[in-house]
1. Under 30 Å from residue 159 (Cα atoms), surrounded by 13 or more Cβ atoms within 10 Å (Cβ to Cβ) and without any contact (Cβ under 8 Å) to a residue 24 or more places away in the chain, is that true of residue 134?
2. When you scan segment 80-99, how many residues do you find that are without any contact (Cβ under 8 Å) to a residue 24 or more places away in the chain and surrounded by 10 or more Cβ atoms within 10 Å (Cβ to Cβ)?
3. So which helices (runs of 4 or more DSSP H) stay within segment 42-140 end to end and still have 3 or more residues that are modelled with pLDDT of 95 or more and in contact with a helix residue (DSSP H, G or I) (Cβ under 6 Å, 6 or more places away or on another chain)?
């Protein structure tokens with residue numbers, strides 16, 4: 001049994017050494033991409049925020065108008081509260097509550113729609129970045145490209161971020 005353990009451990013050490021050599025030979029050329037930087041630059045270039053704001057411009061203006069009407073009604077109610085009749089107070093409270101409810105409903109729906117559009121646009125940009133990374137990696141004969149956030153040390157020669165940006169443009 002003791003002889004078998006020695007042979008098995010020797011075989012295991014030899015196997016581990018062989019795998020380690022093969023792994024080190026497999027990753028001969030490694031590069032990295034600062035995907036956050038690439039994404040930010042691409043978003044600026046494509047005016048992503050402006051496009052989203054323009055897409056929802058009418059709804060944003062509608063919510064702003066509701067906010068203004070709500071604020072105006074609330075200020076008027078607070079100012080005239082002591083002079084108002086009970087029926088007028090109730091009517092004003094109902095109007096304010098209705099505006100508040102409408103504002104909350106439309107505001108939340110707008111937030112959700114903008115967030116959905118931002119996610120969709122981010123997904124599209126991410127897809128473009130991934131394609132560009134693949135193109136740059138293949139043309140540069142890179143065996144492995146990783147995100148800069150996972151890199152502890154590398155030379156700037158291995159940074160492919162600008163090449164990826166140029167490949168997208």
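The values are calculated or read from the model by the stated rules, or taken from the named source; none is laboratory data. This one's a predicted model, so the numbers in the text were calculated from it and none came from an experiment. Backbone-built Cβ (ideal geometry, glycine too); neighbour counts: all protein chains shown.
1. Yes.
2. Residues flagged as without any contact (Cβ under 8 Å) to a residue 24 or more places away in the chain and surrounded by 10 or more Cβ atoms within 10 Å (Cβ to Cβ) within segment 80-99 amount to 13.
3. 57-80, 86-139
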